[in-house]
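The values are calculated or read from the model by the stated rules, or taken from the named source; none is laboratory data. Bear in mind the structure is a predicted one, so any value in this text is a computation, not a measurement. Reconstructed Cβ throughout: ideal geometry from the backbone, glycine too, with neighbour counts over all protein chains shown.
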């Protein structure tokens, strides 16, 4: 399980683009200036954060990626005589 939150500052002049690759599909999310997007999904393989901008653009933001992993414990079997 992964939760991805991306914030784009209100001072940004362009949106932040977020590409999320999972086992099931690929998604592109756009975060306009002054906004936050949240994504919750499973089997996230890759996250790419970029912007479609030119030399005069200004983009500022923050992101957080939280994951939950399930680790299976090894069962050891011991024979006691």
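Considering every residue within segment 14-32, establish whether at least one is touching a strand residue (DSSP E or B) at 6+ places or on another chain (Cβ under 6 Å) and free of Cβ contacts under 8 Å to residues at least 12 places away in the same chain.
yes
Can you find a residue that is modelled with pLDDT of 95 or more, loosely packed, with under 13 Cβ neighbours inside 10 Å and not in a strand (DSSP E or B) anywhere in segment 37-57?
Within segment 37-57, none of the residues are modelled with pLDDT of 95 or more, loosely packed, with under 13 Cβ neighbours inside 10 Å and not in a strand (DSSP E or B).
On the given criteria, is residue 60 more than 12 Å from the chain's Cα centre (by Cα), modelled with pLDDT under 95 and exposed (fewer than 15 other Cβ atoms within 10 Å of the Cβ)?
On the way: more than 12 Å from the chain's Cα centre (by Cα): yes; modelled with pLDDT under 95: no; exposed (fewer than 15 other Cβ atoms within 10 Å of the Cβ): yes.
Judged against the criteria, residue 60 is not a match.
Going by what's in this entry, would residue 4 be described as touching a residue at least 60 places away in the same chain (Cβ under 8 Å), in a strand (DSSP E or B) and surrounded by 10 or more Cβ atoms within 10 Å (Cβ to Cβ)? Show your work before the answer.
On the way: touching a residue at least 60 places away in the same chain (Cβ under 8 Å): yes; in a strand (DSSP E or B): yes; surrounded by 10 or more Cβ atoms within 10 Å (Cβ to Cβ): yes.
Yes; evaluated as a whole, the condition is true for this residue.
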